[in-house]
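First comes the structure, then the notes that go with it.
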Amino acid sequence: PITLDNNQTSDVPKVFHGTFTPDLTVNQRYISEMPIEQLLTHRAILIKSGLGTGKTDLGVRMIAALEQGDRFARVLIVSHRRSLVSNLATRFEAEVYERIPTKYLNSAPRLAITVDSLHKIDASRRYDLVIIDECEQVLRHLNGGTLKGKETTTAYERLRTVLQSAGHVLALDAHASDVTAAWLRSLLPDVLTVENTYRHKWGVLEIHDHAETVLANALAAVKKDANQTHVIITSSRRNTELYRKLFADAIGDDAVIMINSWNSETTHVQDFLRNINSRINNYRVVIASPSISSGVDVTAPIAGVWGVFTARPLLPSDMMQMLMRYRNAKRRAVTVQASTTDNLITDADTLYEATILRYQGTAQAVMGNAAPLSTALREGARLMAAFTADDNLQRADVQATFRFLAETTGFRIKTVANEAPKMRKLLQQAREALIDYIKSQVLTATPISKDRMDILRKTGADITHEIRFGYERWKIEDLVGWQINEQLYDDLHKPKSRAALRLFAALSVQPYHLHNIDRTEINTCVWLPKRQHLTRRVEIVQTLLKRVFPQGLDACEELTAAEISERLGDLDAVLADMRLYFDDRRDYSEKAVPVLRRLLAKVGLKLISKQIQCDGKRFMVYWIDQDHLAKWRRYAQQVNRPKNTEKDDIISVNLGAYESEVPNLAVMAVNYHPLKRVACP
């Protein structure tokens, strides 16, 4: 069944996302037509204007106004992705930072650069105009994974310096919020905020209940007309790989181009992105991950844009950004995975206080006191807390939020509830084949070390899938010190599994070694949201494991749910610690057994169960999976092995969910003493 919802607005209050209270409201098709002279009377301008309303052209006109007569304007354009800088440089006629030796960056009259590389610019360099395109995403990017250790703090400090010394600042975003406005006002005097309320009529947007129907419709449309281009957008790199296989199997490899984080910096893809409007129609299918969710405007005609979005990691606003990259699409259809959560923290002050509490708890544990934080660290923590609060408002009901955004963007919604069982089966087959293919490639790849990857990136080499597979192999082999095999791959190919193993191995490390890691993060001013808090995390896990399993993990004691609850003690206190130092997921069960499972998962252990009968009553009993525990201990001994490095006898400890998103620090190895194994009853 298909229903067209006319003149209906989703029951979602505007405060759900991006609350914006502008100083000036306009309603015009192109924001670029605003009087530039009026804007230039202000030091900083924050523009909120819908997708496709000429925000970038406004920046071009502002540069022209600053260069009237024989005047010369020094301009800096800041983005958050390397793959998008070239596109922005072309539109603003600027130099790309990667194509200029670092020592000459300050001499470029117009420079396009990523926020990650701002530290390369001389702090004394003053620009007449700094343009931050997609400013909300640029600021959120500071919390991402491309900046390590102190790099985030350094990037933030340089961004502050650049803005505070600039003649004018122009910040642009279709989803600009009061968060960004407040941040700009904390740095600069005379900030003008402008909202363009114009809403273009974009036509019908199909919202499907099932991913299979979106893909089935897309595949049918692609097969129907070989002269049309269709775009498939999705939430993750893994999905792009899956959909590429699906469509390449149907129409051939040469007709499909895929763009994701693994290949977005290759020469082939970069060339495609620089010339996307002239090249896109050379392909029948373009498959894109969030790597090109912003900074690229496709005006070439597109037969269809098909979106398949999971509830995480993207926000509904990110999904809309991806959808609206393609301005001239005849048909648009998406599916958004349902996800509702009622008790996420949406108060920025509460989230900020939690960040400070984490810092104080760790500092007290490893240094005896918590020293005052720098201005940059406090500002950064408050900014990220505000964004997290905003994100949590969006995540309260992902589907409703996306629908609200679509309607306020100018779409009429068509709801599609059909199913596509044949496509579901086809996807499952493709998924299984892809999993087998990736496994075989990693197992046979030549290992590529992190140092080698860093060199390849710095030299601008094409990082192919073969190199990526080699890097994945190296991560596993480097962690445990053994040559890869199928068992190792199955156990450790996921970043979360490797992070859990590292934490399990850290349970056997002497506390003062863990203290050194946390002290290093404190002393080097690592960005607060990215700190590992290793000492406190290990303390929490050790305390709870000893409380629930006083005879040791290998005692194989069978426990009832009531016994687990009694031994855990105050569940509210347990959950408070886990939420503060691990993750604040409030959509998980708060009962004793699920809480214990969640704790064990942090160190990669498994809780298994069986039903038994006693005195005519049936109930469940739970115990640690002993086979997995024994295997995990063998791995942990290898993680804690001495390594031949410049700093003798060190091991890598990294507790982040994703290895690319956290600092890679080291602690000294110690002898590992496994608990004595006793016979199970």
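What to note about this one:
Rundown of residues vs (1) touching a helix residue (DSSP H, G or I) at 6+ places or on another chain (Cβ under 6 Å); (2) in the same structural domain as SER177 (by TED's automatic domain parsing); (3) closer than 17 Å to ARG585 by Cβ, yes/no style:
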position: LEU315; (1), (2), (3): yes, no, yes
position: ARG325; (1), (2), (3): no, no, no
position: ARG331; (1), (2), (3): no, no, no
position: GLU353; (1), (2), (3): no, no, no
position: MET367; (1), (2), (3): no, no, no
position: ALA376; (1), (2), (3): yes, no, no
position: ALA386; (1), (2), (3): yes, no, no
position: LYS414; (1), (2), (3): no, no, no
position: ALA417; (1), (2), (3): no, no, no
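- Leading residue by the ranking (farthest from LYS245 (Cα to Cα)) among those in the stretch 429-447 that are free of Cβ contacts under 8 Å to residues at least 12 places away in the same chain and loosely packed, with under 11 Cβ neighbours inside 10 Å: ASP436
- Being more than 27 Å from LYS148 (Cα to Cα), touching a residue at least 12 places away in the same chain (Cβ under 8 Å) and not charged (D, E, K, R) is true of GLY410.
- Leading residue by the ranking (farthest from PRO313 (Cα to Cα)) among those in the stretch 392-404 that are touching a strand residue (DSSP E or B) at 6+ places or on another chain (Cβ under 9 Å) and of a type in the set (A, V, I, L, M, F, W, C): ALA400
- ASP436 falls short on exactly one of the conditions (1) assigned to a helix (DSSP H, G or I); (2) within 24 Å of the chain's Cα centre (by Cα); (3) among the acidic types (Asp, Glu), and that condition is (2).
- Pairs where the first residue, in the stretch 164-192, is in contact (Cβ under 8 Å) with a residue 12 or more places away in the chain and farther than 26 Å from ARG325 by Cα and the second is in a loop (DSSP other than H, G, I, E, B) and aliphatic (A, V, I, L, M), C-beta under 7 Å, 6+ apart: GLN164/LEU188; HIS168/LEU40
- The set of residues in the stretch 272-299 that are assigned to a loop (DSSP other than H, G, I, E, B) and either outside the structural domain of ARG238 (by TED's automatic domain parsing) or at pLDDT 95 or above (or both) comprises TYR283, ARG284.
- Some residue of the stretch 75-82 being surrounded by fewer than 16 Cβ atoms within 10 Å (Cβ to Cβ) and over 24 Å from the mean Cα position of the chain (by Cα): no
- The stretch 106-136, residues that are part of a helix (DSSP H, G or I), under 29 Å from the mean Cα position of the chain (by Cα) and without any contact (Cβ under 8 Å) to a residue 40 or more places away in the chain: ASP116, SER117, HIS119, LYS120
- The number of residues in the stretch 101-130 being out of contact with any Asp or Glu (no Cβ under 7 Å at 6 or more places or on another chain), of a type in the set (Lys, Arg) and farther than 25 Å from GLY145 by Cβ comes to 3.
- Boolean, SER236 is in contact with a Ser or Thr (Cβ under 8 Å, 6 or more places away or on another chain) and either at pLDDT below 95 or not β-branched (Val, Ile, Thr) (or both): yes
- Boolean, VAL222 is crowded, with 18+ Cβ neighbours inside 10 Å, farther than 25 Å from ALA333 by Cα and of a type in the set (Val, Ile, Thr): no
- Residues of the stretch 448-466 satisfying the condition of being buried (at least 18 other Cβ atoms within 10 Å of the Cβ) and modelled with pLDDT of 95 or more: ILE448
- Identity of the residue in the stretch 589-624, charged (D, E, K, R) and farther than 28 Å from ASP342 by Cα, that ends up surrounded by the most Cβ atoms within 10 Å (Cβ to Cβ): LYS606
- Some residue of the stretch 316-324 being closer than 24 Å to LEU580 by Cβ, surrounded by 14 or more Cβ atoms within 10 Å (Cβ to Cβ) and among the charged types (D, E, K, R): no
- A single entry from TYR326, TYR352, TYR359 fulfils the requirement of being of a type in the set (Phe, Trp, Tyr) and within 30 Å of VAL204 (Cβ to Cβ): TYR326.
- LEU129 being within 20 Å of LYS55 (Cα to Cα), crowded, with 22+ Cβ neighbours inside 10 Å and outside the structural domain of PRO529 (by TED's automatic domain parsing): yes
- For the stretch 582-641, a tally of residues being over 25 Å from ASP491 (Cα atoms) and of a type outside the set (Lys, Arg) returns 14.
- A residue that is in contact with a Gly (Cβ under 9 Å, 6 or more places away or on another chain) and more than 26 Å from LEU383 (Cβ to Cβ) occurs somewhere in the stretch 202-211.
- Applying the condition of being more than 25 Å from VAL138 (Cβ to Cβ) and among the β-branched types (Val, Ile, Thr) to the stretch 287-306 and asking which residue is surrounded by the most Cβ atoms within 10 Å (Cβ to Cβ) yields ILE287.
- Test: residue in the stretch 184-207 that is within 25 Å of the chain's Cα centre (by Cα) and assigned to a helix (DSSP H, G or I): yes
- Residue match in the stretch 34-48 (condition: on the phi > 0 side of the Ramachandran plot and touching a residue at least 24 places away in the same chain (Cβ under 8 Å)): no
- Only one of SER317, SER264 that is hydroxyl-bearing (Ser, Thr, Tyr) and part of a loop (DSSP other than H, G, I, E, B): SER264
- Filtered by the rule that a residue be more than 16 Å from LEU118 (Cα to Cα), outside any helix (DSSP H, G or I) and touching a strand residue (DSSP E or B) at 6+ places or on another chain (Cβ under 8 Å), the stretch 49-100 gives SER49, GLY50, THR53, ALA73, GLU93.
- Selection count where residues are in a loop (DSSP other than H, G, I, E, B) and in contact with a helix residue (DSSP H, G or I) (Cβ under 6 Å, 6 or more places away or on another chain), scope the stretch 481-496: 2
- Those residues of the stretch 64-79 which are closer than 30 Å to ALA329 by Cβ and modelled with pLDDT of 95 or more, in sequence order: ILE77, VAL78
The values are calculated or read from the model by the stated rules, or taken from the named source; none is laboratory data. Keep in mind the model is a prediction, meaning the values are calculated, not measured. Positions of Cβ are backbone-derived with ideal geometry, glycine not excepted, and every protein chain shown enters the neighbour counts.
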